[in-house]
1. Multiply the residue separation of THR55 and ASP170 by 0.36 nm, subtract the distance between their alpha-carbon atoms, and state the gained length in nm to one decimal.
2. Per residue, what accessible area does region 58-164 have, given a 1.4 Å probe and all protein chains present, in Å²?
3. Taking amide H positions as placed in the peptide plane 1.01 Å from N, state which residues far from THR81 in sequence (5 or more) or on other chains have amide H under 5 Å from it.
4. Please report, as a whole percent, how much of the solvent-accessible surface of region 70-136 comes from carbon and sulfur atoms (probe radius 1.4 Å).
5. So what are the ³J(HN,Hα) numbers for region 83-94, from phi and the Karplus equation (6.51, -1.76, 1.60; θ = phi - 60°), rounded to whole Hz, Gly and Pro as x?
6. How large is ³J(HN,Hα), in whole Hz, for each residue of region 136-148 in order, when computed from phi with the Karplus curve 6.51 cos²θ - 1.76 cosθ + 1.60 and θ = phi - 60°, using x for Gly and Pro?
7. Full-extension gain between ALA98 and ASP78, please, as 0.36 nm times their residue separation minus the C-alpha to C-alpha distance.
Amino acid sequence: RAWSQCIRESLCARSDHAAGIRRLRLRGFTTPIPNRRREAVSVAAVDAAGISAITVFAELDEAQRDCVAGACRELDVDAGTRLTEEGEFGYAMFAVTAGIADVFKAGEHIRTLGPGDVFGEIACFYGGVRTATVVAKTPMTLVMLFNGELARLDREVPEIADRLRETIADRLAAA
């Protein structure tokens, strides 16, 4: 697929991004747009070079990483921010680029996430509910990918979907 076609489709898919930002605002997250709420999150575009440190994206070629980067948004969150809530609908997956988060299932700590790790992919990929709660332990920088963008990337860059399916299978086998 040509890079220009990837860009056009990415620009056309921005409605998914706007809807996702509205859902984040409803949950108390904010964008850099000034408002009266405390700013817990800032949202920015993602650099293709920055996603190469994320395990599931590391083996993609440059054109594929550019396409993925165009679909992602970068978030900065404060320590203590609840990133996902077990049982809630999953509309986005996340990858950690900096910071640490704790993962809880049924209130019990099950793992700690750090740079290069992904989470939220099970609910996002399969259109279901969150299987765990994730809370930022330190200030974090995350890469966020909405489920609509993930579906588009599944068609355009199937290597990503294959890597995510492997990650999901490993997680479910360990559970």
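1. Numbers: separation 115, 0.36 × 115 = 41.40 nm, distance 1.37 nm.
Extending this stretch completely gives an extra 40.0 nm.
2. Accessible area per residue, region 58-164: 39 Å².
3. Amide H to amide H, under 5 Å and 5 or more residues apart or across chains, THR81 pairs with ALA136.
4. Numbers: 1380 of 2570 Å².
Heavy-atom surface of region 70-136 belonging to carbon and sulfur, 1.4 Å probe: 54 percent.
5. Result, ordered by residue: 8, 9, 10, 3, x, 7, 5, x, 9, 8, 10, 9 Hz.
6. Values, residue by residue: 5, 7, 10, x, 10, 10, 10, 9, 10, 10, 5, 4, x Hz.
7. 6.0 nm
The values are calculated or read from the model by the stated rules, or taken from the named source; none is laboratory data. Keep in mind that this is a model prediction, so the values were computed, not measured. Remember, those area values only see protein heavy atoms, side chains included, never the ligands or the DNA or RNA. Shrake-Rupley method; radii C 1.70, N 1.55, O 1.52, S 1.80 Å.
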